[in-house]
Amino acid sequence: MDSERETLAGSMQARDAVDFILKLKEEQRLIMVIGLWFLWSERNAIREEGCRRSAESLARGIHIYAKETADMCVKEKKPKEKRRVRWERPPTGHLKLNCDASFKLEIGEGSWGFLVRDWDGDVVITGRGR
């Protein structure tokens, strides 16, 4: 890792530093990005408020934040149960509007549609367009 630190420290272009960080393993990349963000925040605090935290405090904060972020990402990767959603009738005397739309950026076209049903589930009116 010492040669990697020298490579990053000797990098003259921001693009080289970003390329270097993106090639790291996920855990190292996370610590690096959070570390840069902490240092930027610390720089602003020193400049604006004149207060400075110790290196140990910054390092502890970076590792805690990285662990919490990594844990959050692991939780999000769990497969979610698919819940079957069924249409429900509106209360008596009410209507229910269902609508949807789509757009394809590549061709610059879209479409929309709607359906209104009454409390018995009967269709009252529909519409669609482009």
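Averaging sequence separations of C-alpha pairs under 8 Å and six or more residues apart, then dividing by the length of the chain, give the relative contact order as a whole percent. The partial results should precede the final answer.
Details: 102 pairs, mean separation 16.7, N = 130.
Over the chain, the number comes to 13 percent.
Result for the chain in a Gaussian network model with C-alpha springs under 10 Å: among Gly61, Gly110, Gly50, the largest mean-square fluctuation is at Gly110. Simple rule: put +1 on each Lys or Arg Cβ and -1 on each Asp or Glu Cβ in the chain, find the dipole, and look at Ile34, Leu22, Thr92; the Cα lying farthest toward the positive end is Thr92. Taken along its three principal axes, the alpha carbon spread of the chain comes to 71, 36, 35 Å, from the longest extent down to the shortest.
Once both labels are positioned 7 Å from their Cα atoms along Cα-to-Cβ, the gap between Leu95 and Glu27 label points is 6.0 nm. Placing +1 on the Cβ of every Lys and Arg and -1 on the Cβ of every Asp and Glu, with no other charges, gives the chain a dipole of roughly 480 debye about its Cα centre.
The numbers here are math on the coordinates, done by the rules we state, and not lab data. None of the values given here were measured: they were computed from a predicted structure. Cβ coordinates were reconstructed from backbone atoms using ideal geometry, including for glycine residues, and neighbour counts include every protein chain displayed.
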